[in-house]
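Single-structure report; data block below.
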Amino acid sequence: LYFPRESLKLHSRTESSSKAAFLDHSETLWMRMPKWLSVSSGCTLALLQWVSSFHGSLFPHLTVSYLSSEDMIAEFSQVLNWPDCVVRAFAWHPHTDKFAVALLDDSIKIYNPKSATTPTLKHRLQRSVAAVQWKPLCASALAVACQNCLLVWHVDPCSLSTRPSSGCAQVLSHPGHSPVTSIAWSPSGSLLVSASPMDTAMMVWDVAAENCVPLQRVGGGGVTFLSWSPDGSHVLASTPSLLFRVWETRMWTCERWPCVKGRCQSGCWSPDGSRLLFTVQGETVIYALTFTDAPGIPAGTSKGPQAAAVVADLSETTFNTQDGDITVGGEIQSLAWDPKGERLAVLLKDRPPVIAVFKTRTSPIFELLPCGFVQGEPGAEPRLMQFHPNFQHGALLTVVSLFAAKMFSFLYNKVNNGENLF
């Protein structure tokens with residue numbers, strides 16, 4: 001369409017000249033009230049929405065407060081489909097071959113291949129067990145994350161009792177610190193940290209004195225997952241929001257790391273504590289952060305990296321096999337790095353749940369190379385995994401499925417140039 005300028009005429013009469021055609025009219029107060037109420041209601045609603053959004057950004061743990069304790073544990077647990085898994089938690093002892101298994105009925109069994117006795121731990125407060133972890137440099141102490149408290153069992157390894165008394169358990173609790181979803185011992189065993197999605201503070205416990213110090217920062221909400229670096233210098237603390245923190249344990253200061261799409265789902269440390277691998281909920285990649293001590297600055301007080309680097313992408317991929325095409329990949333549930341730094345296991349939660357294994361090297365440069373996949377018998381979907389801390393012939397991975405736990409060994413021998421052979 002074309003409209004020539006010449007064909008368009010301006011109004012010949014001014015606006016004021018048309019006033020004579022209308023009668024003067026003034027609105028009464030009652031006629032103006034509905035308009036005022038409409039405007040004020042809109043402003044009030046906008047203000048409330050902003051306050052709610054701001055409150056949710058500062059206290060995102062309250063956005064999940066409508067969940068029950070068990071639903072909250074299932075949401076933030078490292079166990080895939082925690083509610084229907086018979087094995088709720090698993091932990092190898094850091095120095096011996098015994099391990100602890102938390103079951104669906106809230107009992108904990110301790111297995112030792114060198115003993116015919118299998119102690120069963122039960123306590124009236126031992127409900128909805130989310131995690132268990134042995135105390136380093138100690139043969140008897142086992143920490144248990146429960147619905148309303150922490151329990152620290154002291155089980156004599158030489159005892160022949162199959163049902164230790166509930167008096168063997170220390171009860172550690174703090175107001176508002178429940179449910180406890182994650183725990184981590186310091187490598188020296190002197191401190192224990194615990195986390196709850198409903199508590200904005202991470203608790204640092206002196207178990208012997210039965211007291212705690214809360215570590216709290218504004219923003220992020222509660223704490224959902226903890227991981228203490230093997231060298232004791234840092235602690236990873238995830239939150240329900242789009243950020244996580246890395247605490248240094250010398251002065252107990254922290255660095256705040258924002259995420260783009262989701263919360264930090266899982267993380268693990270290299271054996272020397274210099275590198276952190278972590279995953280984000282809803283993403284298929286593994287990120288890495290490198291922490292190095294700067295010259296002239298005491299160990300544990302230097303600044304961390306400026307940005308996280310993507311080191312692996314586990315997006316869906318189709319493989320051609322003798323049995324047909326197999327599609328693997330997707331969102332990551334949890335990570336496990338063997339204590340020697342040679343193998344990384346990645347539990348994928350999508351169709352079907354499978355464990356991807358990577359060959360790793362941390363020095364002189366960091367390398368992450370695909371090795372293959374671990375898949376059990378038909379119907380045996382992996383739910384939880386952990387490496388044996390003292391396997392001498394390579395890496396031994398324990399995989400917990402719906403009803404059982406199995407061991408998968410990765411055997412390799414070191415050669416002179418630092419490589420390893422299967």
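The values are calculated or read from the model by the stated rules, or taken from the named source; none is laboratory data. It should be emphasised that the depicted structure is a prediction, and the values quoted were computed from it without experimental measurement. Here the Cβ is made from the backbone with ideal geometry for all residues, glycine too, and neighbour counts use every protein chain on show.
Does Val218 satisfy the condition of being closer than 28 Å to Lys340 by Cα and touching a Leu at 6+ places or on another chain (Cβ under 8 Å)?
Details: closer than 28 Å to Lys340 by Cα: no; touching a Leu at 6+ places or on another chain (Cβ under 8 Å): yes.
When the stated conditions are applied, Val218 does not pass them.
Report yes if some residue within region 366-379 is within 22 Å of the chain's Cα centre (by Cα), of a type in the set (Val, Ile, Thr) and modelled with pLDDT of 85 or more; otherwise report no. Among the residues of region 366-379, not one is within 22 Å of the chain's Cα centre (by Cα), of a type in the set (Val, Ile, Thr) and modelled with pLDDT of 85 or more, which makes the answer no. In region 341-353, how many are modelled with pLDDT of 90 or more and within 20 Å of the chain's Cα centre (by Cα)? Of the residues in region 341-353, 5 are modelled with pLDDT of 90 or more and within 20 Å of the chain's Cα centre (by Cα). Candidates in region 269-304 are the residues that are modelled with pLDDT of 75 or more and of a type in the set (Asp, Glu); of these, the one that is surrounded by the most Cβ atoms within 10 Å (Cβ to Cβ) is Glu283. State which residue is surrounded by the most Cβ atoms within 10 Å (Cβ to Cβ) when the search covers only region 162-191 and only residues that are touching a Lys or Arg at 6+ places or on another chain (Cβ under 8 Å) and either at positive phi or outside any loop (DSSP other than H, G, I, E, B) (or both). The qualifying residue surrounded by the most Cβ atoms within 10 Å (Cβ to Cβ) is Trp185.
Put simply, of Asp156, Asp84, Asp105 the only residue that is surrounded by fewer than 20 Cβ atoms within 10 Å (Cβ to Cβ), touching a residue at least 60 places away in the same chain (Cβ under 8 Å) and not hydroxyl-bearing (Ser, Thr, Tyr) is Asp84.
What are the residue pairs meeting all of these: first residue in region 227-239, first residue under 11 Å from Leu276 (Cα atoms), second residue β-branched (Val, Ile, Thr) and modelled with pLDDT of 95 or more, Cβ atoms under 6 Å, and 6 or more apart or on different chains? From region 227-239, the pairs are Trp228/Val235; His234/Val246; Leu236/Val246. Selection of region 316-365 for residues being free of Cβ contacts under 8 Å to residues at least 40 places away in the same chain, charged (D, E, K, R) and under 26 Å from Gln281 (Cβ atoms) yields Glu316, Asp350, Arg351. When Leu397 is tested against (1) within 21 Å of the chain's Cα centre (by Cα); (2) of a type in the set (A, V, I, L, M); (3) loosely packed, with under 15 Cβ neighbours inside 10 Å, only condition (3) is not met.
Please tell me if Ala307 is out of contact with any strand residue (DSSP E or B) (no Cβ under 7 Å at 6 or more places or on another chain), among the aliphatic types (A, V, I, L, M) and modelled with pLDDT under 95. It is true that Ala307 is out of contact with any strand residue (DSSP E or B) (no Cβ under 7 Å at 6 or more places or on another chain), among the aliphatic types (A, V, I, L, M) and modelled with pLDDT under 95.
Going residue by residue through region 254-272, is there one that turns out to be touching a residue at least 24 places away in the same chain (Cβ under 8 Å) and β-branched (Val, Ile, Thr)?
Just the residues of region 254-272 that are touching a residue at least 24 places away in the same chain (Cβ under 8 Å), to begin with: 254-257, 263-272.
Cutting the leftovers down to β-branched (Val, Ile, Thr) gives us none.
No: zero hits.
If you go through region 355-365 one residue at a time, do you hit one that is at pLDDT below 90, assigned to a loop (DSSP other than H, G, I, E, B), hydrophobic (A, V, I, L, M, F, W, C) and touching a Leu at 6+ places or on another chain (Cβ under 7 Å)? No, region 355-365 contains no residue that is at pLDDT below 90, assigned to a loop (DSSP other than H, G, I, E, B), hydrophobic (A, V, I, L, M, F, W, C) and touching a Leu at 6+ places or on another chain (Cβ under 7 Å).
If we scan region 333-340, do we find a residue that is of a type in the set (A, V, I, L, M), at pLDDT 95 or above and part of a strand (DSSP E or B)?
yes
The residues of region 120-155 that are in contact with a Ser or Thr (Cβ under 6 Å, 6 or more places away or on another chain) and either of a type in the set (D, E, K, R) or more than 24 Å from Met203 (Cβ to Cβ) (or both), listed by number, are Thr120, Lys122.
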